[in-house]
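The values are calculated or read from the model by the stated rules, or taken from the named source; none is laboratory data. As the structure is a computational prediction, the values presented were derived from the model and not from experiment. Every residue, glycine as well, gets a Cβ built from its backbone with ideal geometry; the counts of neighbours run over all protein chains shown. Each accessible area value is taken on the protein alone, full model and side chains, heavy atoms only, with ligands, DNA and RNA left out. Shrake-Rupley method; radii C 1.70, N 1.55, O 1.52, S 1.80 Å.
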Amino acid sequence: MQNDHNTTESTARPVHGGIKEAELRALGLRLEDCLDFSASVSPLGPPDGVAEAIAGVDLSSYPDPHCLALTEAIATHHGRDGVDAGNVIVGNGSTEIIHLLTRAYIEQMPADGSRSALLLTPTYGEYDGAVRISGGKVHALPATRGCREFTWDTDSAVRLISSHGPALTFVCNPNNPTGALITLPDIESLADAMHVAGGLLVLDEAYINLSDRWAEAGAIALAARHSSIVVLRSMTKDYALTALRLGYGIAAPAVIARLQALQPDWSVNGLAQAAGMVAIADQEYLARARRAVAVSRECVVERLGALGIQCYPTAANFILARVGDAPELRDRLALQGLFVRDCTSFGLPDCIRIGLRPVDDCVRLTDAIAELIDR
Ligand SMILES: Cc1ncc(COP(=O)(O)O)c(C=O)c1O
């Protein structure tokens, strides 16, 4: 709940996409009959070999508490960007790392330090939730909603950093739910401002690997050499390891060590570690996933456009669409087992977010929307 230009106050847990058992029961639906467009993950499903690797895990052994093999494989994967194993932390989803960051940099901040974070909103609800759990205050820079797109003014963000001196600034790039992308020069300006403020810029790149602009905007190389940047990646999203959850962070070794000191042992289970090893070794997968996303994106934008529904430009594997009464449309689609994300919790009650699934599923969804709008 927004209470002034740039602070928020709420004790509620963040709202997330995904299908909940309680709703399935209430609607008399079975999960296997539903299509989930509310959690935006790779449309290809997990890479070949993941199911086999999981089946091969010895369920009676503890996982490696240090995720050593996967940490090394991730470092090798980003080796060209100057990453080595000391720059990597693996988490039970990137969300675990978000919470480690707020614990390390807000909760454990000495009383005379800044216990606040800056968010560029509307954005992923877990940042706000994690900051509050850690006892921090949230400053928000709301995006300007133009008739065509959502934009933030980087100079305003830099000014807020200088005036509030937040311990953390969270930037989701591309942003959930708007799909807007911040360019590298702007990221560097924010990182420099955070450096001066003595804090960390957290760049959540959960969706960058599925973006057609991944090469131009990805900031891993920057994180490997800039002591004030942490980049988060979500293997949950990249490789559709959704039921397992897996993510990692790239940062300076001192930052990584501070986060690891707070991480519970075994937080990344053995199935996720085994799946992650197979996924990261698949050199072709992400390019194929990006092609599938591009085909589905074109299909949804064209079909919704033909219905007179505005789609905001997106650099991600989801589309923010302006539909009027989002909760109502979301609920009517859910009756048919089609789950989209109502964006009311983001402060956008006229928008739904559609995670791009394979194109046949997208045709089914847009047909259902066309029929409901027609009634
Ligand atoms: C921006 C963003 N970051 C992180 C996550 C969580 O991903 P993970 O499963 O890696 O924790 C989400 C999930 O919706 C997200 O939207």
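Just to be sure, is VAL41 within 16 Å of the ligand (Cβ to nearest atom), at pLDDT 95 or above and touching a Lys or Arg at 6+ places or on another chain (Cβ under 7 Å)?
yes
So, of the residues in region 183-210 that are hydroxyl-bearing (Ser, Thr, Tyr) and surrounded by fewer than 23 Cβ atoms within 10 Å (Cβ to Cβ), which turns out to be modelled with the highest pLDDT?
It comes out as SER189.
Out of all the residues in region 169-201, which are touching a helix residue (DSSP H, G or I) at 6+ places or on another chain (Cβ under 6 Å) and among the β-branched types (Val, Ile, Thr)?
Of everything in region 169-201, just one residue is touching a helix residue (DSSP H, G or I) at 6+ places or on another chain (Cβ under 6 Å) and among the β-branched types (Val, Ile, Thr), namely THR169.
What number of residues within region 214-228 are touching a residue at least 24 places away in the same chain (Cβ under 8 Å) and within 16 Å of the ligand (Cβ to nearest atom)?
Matching residues across region 214-228 total 5.
Rundown of residues vs (1) among the aromatic types (Phe, Trp, Tyr); (2) not in a helix (DSSP H, G or I), yes/no style:
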site: TRP266; (1), (2): yes, yes
site: ALA272; (1), (2): no, no
site: ALA279; (1), (2): no, no
site: ALA292; (1), (2): no, no
site: LEU304; (1), (2): no, no
site: THR314; (1), (2): no, yes
site: ARG330; (1), (2): no, no
site: LEU333; (1), (2): no, no
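Given the condition part of a helix (DSSP H, G or I), open to solvent by 10 Å² or more (accessible area, probe 1.4 Å) and not charged (D, E, K, R), answer yes or no: does some residue in region 173-180 qualify?
No, because not a single residue in region 173-180 is part of a helix (DSSP H, G or I), open to solvent by 10 Å² or more (accessible area, probe 1.4 Å) and not charged (D, E, K, R).
At least 1 residues that are within 14 Å of the ligand (Cβ to nearest atom) in each: list the helices (runs of 4 or more DSSP H) lying fully within region 45-152 that qualify.
By residue number, 68-77, 94-102, 125-133.
Tally up the residues in region 211-223 that are buried (at least 20 other Cβ atoms within 10 Å of the Cβ), out of contact with any strand residue (DSSP E or B) (no Cβ under 6 Å at 6 or more places or on another chain) and in a helix (DSSP H, G or I), please.
Here the count works out to 0.
Taking the criterion of being within 25 Å of ASN92 (Cα to Cα), surrounded by fewer than 18 Cβ atoms within 10 Å (Cβ to Cβ) and within 16 Å of the ligand (Cβ to nearest atom), would at least one residue in region 268-276 satisfy it?
Yes, region 268-276 has at least one match.
So which pairs qualify, if the first residue must be in region 105-121 and modelled with pLDDT under 95, the second must be open to solvent by 10 Å² or more (accessible area, probe 1.4 Å) and of a type in the set (Asp, Glu), the Cβ gap must be under 9 Å, and the two must be at least 6 apart or on different chains?
ARG115/GLU107
Check ILE161 against each of (1) more than 15 Å from the chain's Cα centre (by Cα); (2) at pLDDT below 95 and name the one condition it does not meet.
(2)
So, THR236, is that one within 14 Å of the ligand (Cβ to nearest atom) and assigned to a loop (DSSP other than H, G, I, E, B) or not?
no
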